[in-house]
Structures are given as structure tokens and as C-alpha cells.
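The structure appears below as C-alpha cells.
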């Protein structure tokens with residue numbers, strides 16, 4: 001992977017975009033004290049270099065609950081029988097594409113994976129466990145923790 005050199009303006013752009021990726025190019029340029037064409041070129045360079053993986057909207061589950069229902073958010077510990085590289089890669093490849101899996105972490109020590117999943121209701125969660133865990137002979141242990149309240153949600157990485 002090609003190394004990219006970041007200067008102060010690049011770091012300011014990354015910090016601002018982590019806080020609010022919906023800023024117009026004009027507003028972003030003003031916040032980092034550069035011209036709009038320079039800002040646009042630099043943001044494109046940061047995207048092309050893979051430093052900006054993607055831009056998303058973070059939805060408020062409390063406000064959506066009136067329309068969609070609260071749903072279930074679970075943090076799930078997964079322990080596999082075999083932990084060789086192929087087994088770990090195979091499990092990741094199985095769970096990562098599933099829409100209910102919001103985050104997947106390979107961890108150590110302890111369980112092999114921590115997943116953050118969201119399901120519409122308990123039957124949907126049960127279907128997810130059948131689809132991803134029960135039918136996988138290499139899954140030894142599944143331990144789920146259900147969220148009763150989200151106090152904080154963030155995705156910002158420290159730039160300093």
C-alpha cells in the first residue's frame with residue numbers, strides 16, 4: 001500500500017469530515033482555511049488513498065422507533081473451535097456481508113470475534129443466530145449481550 005504524507009490541512013480535513021461529512025465543499029474549505037478548489041482536490045486525494053473509507057449517515061434509533069420499532073441491538077462474543085487463519089477468515093467472510101451485522105471485530109484474548117448486530121425483533125435475532133452460528137460447525141460458543149440503552153455512539157479516530 002502506498003504511503004501518503006499528510007500535512008496540517010489534510011489532518012484538519014479528516015477531523016472535520018469525521019464530525020460532519022455532510023458539509024458542503026465551501027463550508028469545509030472555510031473551516032480549514034483553504035480555497036474550495038484546493039479543498040476539493042485534497043478530499044479527493046484522501047478518498048483515493050483510502051484514508052476516507054466511506055461516508056454514511058448515522059441514524060437516531062430513538063427517533064426511528066416510532067415508525068420502525070425499537071429492534072434489538074446485541075453485542076455477541078463468538079468463540080470458534082479452530083482458530084487457524086483459514087477458519088478465522090472463513091468465519092469473517094460468512095458474517096461480514098450479513099445486513100444485520102453492523103460491526104465485526106477479530107479480538108484477542110478471550111473470544112475470537114465480537115459482533116455488533118441489529119435485528120428487528122427476537123424472531124429475527126433467532127433467525128440470524130441460526131443462519132450465522134448454529135449452522136456453522138466451527139462455532140463453539142455464542143454469548144450475547146442485549147443493549148438496553150445506547151449512551152454513546154461514535155466512529156471518530158483520533159487525528160492528533
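Note on region 1-115: enclosed helices (runs of 4 or more DSSP H) holding 1 or more residues that are more than 30 Å from residue 136 (Cβ to Cβ) and touching a helix residue (DSSP H, G or I) at 6+ places or on another chain (Cβ under 7 Å) are 8-19, 25-31, 36-48.
I'd like to check something: does region 74-92 contain any residue that is within 29 Å of residue 14 (Cα to Cα) and either more than 21 Å from the chain's Cα centre (by Cα) or modelled with pLDDT of 90 or more (or both)? Yes, region 74-92 contains at least one residue that is within 29 Å of residue 14 (Cα to Cα) and either more than 21 Å from the chain's Cα centre (by Cα) or modelled with pLDDT of 90 or more (or both). Residues in region 111-160 that are more than 24 Å from residue 55 (Cα to Cα), surrounded by fewer than 10 Cβ atoms within 10 Å (Cβ to Cβ) and within 21 Å of the chain's Cα centre (by Cα): 148, 149.
A search for C-beta distances below 9 Å between a residue of region 144-159 that is at pLDDT 90 or above and any residue that is part of a loop (DSSP other than H, G, I, E, B) and surrounded by 10 or more Cβ atoms within 10 Å (Cβ to Cβ), counting only pairs 6+ apart in sequence or on different chains, returns nothing. Residues in region 116-128 that are part of a strand (DSSP E or B) and at pLDDT below 95: 118, 119.
Residues that are farther than 18 Å from residue 48 by Cβ and surrounded by 14 or more Cβ atoms within 10 Å (Cβ to Cβ) were ranked within region 1-17; the one that is farthest from the chain's Cα centre (by Cα) is 12.
The values are calculated or read from the model by the stated rules, or taken from the named source; none is laboratory data. Just so it is clear, the model here is predicted, and its values are computed rather than measured. Note that each Cβ is placed from the backbone with ideal geometry, even for glycine, and that neighbours are counted across all protein chains shown.
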